[in-house]
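Asks: Submitted below is the structure of interest, expressed as structure tokens.
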Amino acid sequence: MSGTLAPSYQFLLPELELHCETKSCNGIRFFEPLERGYLQPGEIKEYFVSYKCRNCKKTIKTYAVWASLNEDRVQGNLFKFGENPPFGPPTPAKVITILGAEKEYYLKGRRAENQGLGIAAFAYYRRVVENQKNKILDEIIRVSEKIGASKEILGDLNAAKKETQFNRVVAALRHGIPPALLINGHNPLTLLHSALSEGLHAQTDEECLELATSIRIVLTELVDRLANALKEEAELKSAVSRLLKTNIERTKEKDS
């Protein structure tokens, strides 16, 4: 019949397993599509398709896709040509928290590293560490105080905060940092300084990529050790408290 619209066919999108960075998830979760696409036979369309985390209902991932349906109404094509947030390995939520205002530069560095752009990745990571050195030191001081670091170590850390250059920060730490924060027996700030002190323009792109990867790994490990040191200290205090309570109760039972 003239003027009758051809039927449209719905293409179904699968659920995806993606990393969700919210505090309640912080891991791989199922994401479900928020839209369904419709096509007529022989039609080609471009779509924005959004996915939402099924667990926290907060994180959204949007894909730009190109879709087509053959005249046979059975086969077609679906091609992804973009996504937001951009593709890249997941970043631990604890790292994002400590980076604060430099979060976007860290993520840019992560994407550059993932794409093999060594000089760009190194430049982004160096900016992040140098600009956030005081926040990193604040977190080290906070954890050091809670786990009972010596007065000498705490004095060095507070003195280091007054330094403007990273090499002077490292030089100020004459007594090092608490053993719980060492990485393979080494001060992570010294390791970061070693990588950052390499001249950016004196290195090849491949060498910069290796240094950038090392900076990210050490920074991530430092953040993990800061979190674990507090966790272990809290667990230890809880265990001691339980044992003391048990001893007191037993003593009362004997006296009665």
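Asks: Please list the three semi-axes, largest first and in whole Å, of the ellipsoid equivalent to the chain, using sqrt of 5 times the eigenvalues of its alpha carbon gyration tensor.
Replies: 50, 30, 12
Asks: Turning to a different aspect of this structure: Calculate the radius of gyration of the Cα atoms of the range 1-146 to one decimal place, then report Dmax, the largest Cα-Cα distance, as a whole number, both in Å.
Replies: Spelled out, the Cα radius of gyration and Dmax of the range 1-146 are 21.6, 82 Å.
Asks: Across bins of 5 angstrom width beginning at 0, how are the C-alpha pair distances of the range 159-231 distributed, in whole percent?
Replies: 3, 15, 22, 22, 20, 11, 5, 1, 0
Asks: Normalised radius of gyration for the range 96-136, please: alpha carbon Rg relative to 2.2 N^0.38 Å, two decimal places.
Replies: On the way: Rg = 9.8 Å, N = 41, 2.2 N^0.38 = 9.0 Å.
Rg over 2.2 N^0.38 Å, computed on Cα atoms: 1.09.
Asks: Report the relative contact order of the chain, percent, no decimals, based on alpha-carbon pairs under 8 angstrom and at least 6 residues apart. Walk me through the intermediate numbers first.
Replies: Working: 334 pairs, mean separation 31.6, N = 256.
That works out to 12 percent.
Asks: On average, how much accessible surface per residue is there in the chain, in Å², for a 1.4 Å probe, leaving out ligands, DNA and RNA?
Replies: 61
Asks: Share of the range 150-193's accessible area from carbon and sulfur, percent, 1.4 Å?
Replies: In the range 150-193, the share of accessible area belonging to carbon and sulfur is 52 percent.
Asks: Between 0 and 90 degrees, rounded to the nearest ten: what's the tilt of helix 205-255 against the longest Cα principal axis of the chain?
Replies: Taking the Cα atoms of the chain, the angle to 205-255 is about 60 degrees.
Asks: Filter the cross-link list Lys103/Lys133; Lys103/Lys146; Lys94/Lys231; Lys61/Lys103; Lys58/Lys133; Lys23/Lys61 down to pairs whose alpha-carbon distance in this structure exceeds 24 Å.
Replies: With Cα atoms farther than 24 Å apart: Lys103/Lys146; Lys58/Lys133.
Asks: Further question on the same structure: Return the calculated 222 nm mean residue ellipticity for the chain, to the nearest 500 deg cm²/dmol, obtained by summing -39500 (n - 2.57) across DSSP H runs with n ≥ 4 and dividing by the residue count.
Replies: For the chain, the value works out to -16000 deg cm²/dmol.
Asks: Something else now. Could you tell me which residue out of Leu117, Ala212, Gly148 lies farthest along the dipole of the range 57-213 toward its positive end? Charges go on the beta carbon: Lys and Arg +1, Asp and Glu -1, centred on the Cα centre.
Replies: The Cα lying farthest towards the positive end belongs to Gly148.
Asks: Of the heavy-atom accessible surface of the range 59-144 (probe 1.4 angstrom), what whole percent is carbon and sulfur?
Replies: The nonpolar share, carbon plus sulfur, comes to 53 percent.
The values are calculated or read from the model by the stated rules, or taken from the named source; none is laboratory data. Because the structure is a prediction, the values reported are computed rather than measured. Every residue, glycine as well, gets a Cβ built from its backbone with ideal geometry; the counts of neighbours run over all protein chains shown. Side chains are part of the model used for accessible areas, which takes the heavy atoms of the whole protein and leaves out ligands, DNA and RNA. Shrake-Rupley method; radii C 1.70, N 1.55, O 1.52, S 1.80 Å.
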